[in-house]
Amino acid sequence: MLGFGGKPRFCLKVGSRGLVWGEHIRTWRGRHRYRCHSSPLPADSIKLSPIDPNVINHAVLEERLRSLVSSGSRSRLTEKIGMSELPKAITLVLPDLAVRTIVLSLDHLPSRSEELEALIRWRLGQEQRLPLVGTKLVWQVFPASGADDNSHVVLVVVIQDSILHQYEAVCEAAGLVPREVGVTSFSSFNLWLRAAGGRRRLHHDLAWVTVLDGALTCFIFHDRRPVFVRTKLLPEDPVHSAQAGGNVEDRVLREISASFLACQEQHPQVQAKEIILMATDSCQHWGAALNRELGVTVESVTWNHIDSLGWKTGGGTASLEALPVVAGMI
């Protein structure tokens, strides 16, 4: 993702209904520890959109963020040496609904980052008809699997400057400086891939599905590279809808099935028979339904993937909604 220098020790994830704050602690033995804390937000604080302003109530968001950082970050060393008031460099993880994600195939990959960005912008303008003035691009390159193939696939995230600046302004008002920008599905997928053994884990077609922050995002991979991406707004947040008796499972099944169908129409050669599911704690039982309805096996992303990388919890929330925060610090 977009970054400057080393990985920040702190991470903030913005969600449709709350904030999650994470802190990376390294022990004197060099072991990694993480601690996460969450804070709910009033319903009128944020309205997620890839085009329109997201931050509706700056004052409330700033107040909740200050309180969250104050309660979550307790570094005695920095307090003793008078550094507690210095701005904290952080990774800012945005929700999927606040950005646009596109898959591009490139026959030529410029070596210089500036030239690659210019090529990506030109291709997006030609193929997607996206307004690219006043946008920031974040991308990840997936090279070809075979030596005789020089093509590359690029997973591109388009962030409106006006939206990013809103979040940055709230962070800066709370004494935080975003130095790296991530996106929930993007960050979580990269964490899972690293824990699962890297690109060799993509040896067969599979789908990555995120159900968080009132949205469903589906990436489908073929030949170790993404070929399809779709983000769909869910009418209600899955957890709250389930508590209210809504049939969330059926709605999610329909959206995943629609994603598979749309992908097959564009790429008939794709035969995804496995889903990697990143969802809230209350959605982990969906594996059986997905197997029954779509004939796929399901692997759920859990805290075990964090543990396998040598990172252990140091307290705080154990909700899976905090997992993208840890992903943003690894």
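The values are calculated or read from the model by the stated rules, or taken from the named source; none is laboratory data. Treat the numbers as computed from the prediction; the structure is a model and nothing was measured. When we count neighbours, we look across all protein chains shown, and the Cβ atoms used for this are built from the backbone with ideal geometry, even at glycine. Each accessible area value is taken on the protein alone, full model and side chains, heavy atoms only, with ligands, DNA and RNA left out. Shrake-Rupley method; radii C 1.70, N 1.55, O 1.52, S 1.80 Å.
Some values worked out for this structure:
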| quantity | calculated |
| --- | --- |
| Gyration tensor (alpha-carbon) shape descriptor, region 128-201, a/c threshold 1.5 | oblate |
| Of Gly315, Gly30, Gly15, the one that fluctuates the most in a GNM where the chain has Cα springs shorter than 10 Å | Gly30 |
| Kirkwood-Stokes translational diffusion coefficient of the chain, alpha-carbon pairs, 37 °C, 0.692 mPa s, µm²/s | 159 µm²/s |
| Stretch gain in nm, segment Ala118-Ser319, where the contour uses 0.36 nm per residue and the Cα spacing is subtracted | 68.4 nm |
| Chain lengthening between Ala258 and Trp28 when straightened (0.36 nm per residue, less Cα-Cα) | 77.8 nm |
| Carbon + sulfur, % of accessible area of the chain - ligands and nucleic acids excluded, 1.4 Å | 50 percent |
| Inter-part distance where region 41-63 and region 292-312 are each reduced to a Cα centre, Å | 31 Å |
| As computed over region 180-230, the Cα convex hull volume per residue (Å³) | 84 Å³ |
| Too-long pairs where the Cα-Cα distance tops 23 Å, listed order kept, from Lys273/Lys312; Lys47/Lys88; Lys136/Lys273; Lys13/Lys232; Lys47/Lys312; Lys136/Lys312 | Lys273/Lys312; Lys47/Lys88; Lys136/Lys273; Lys47/Lys312; Lys136/Lys312 |
| Relative contact order (%) - criterion: Cα under 8 Å, at least six apart; region: the chain | 22 percent |
| Potential extension, Val103-Glu249 segment - 0.36 nm per residue separation minus Cα distance | 49.8 nm |
| Region 177-330 shape via C-alpha gyration tensor axes, a/c threshold 1.5 | oblate |
| Whole-angstrom Cα spans of region 267-316 along principal axes, big to small | 45, 24, 14 |
| Calculated FRET efficiency for the pair Ser49/Asp307, C-beta based, R₀ 35 Å, to 0.05 | 0.50 |
| For region 267-330: accessible area per residue (Å², 1.4 Å) | 40 Å² |
| Pair Asp161, Ala144: separation of 7 Å Cα→Cβ label points (nm) | 3.6 nm |
| Pairwise label distance in nanometres, Leu132 with Arg66, each label 7 Å out on the Cα-Cβ vector | 4.1 nm |
| Euclidean distance between Cα centres, region 262-282 to region 205-228, Å | 6 Å |
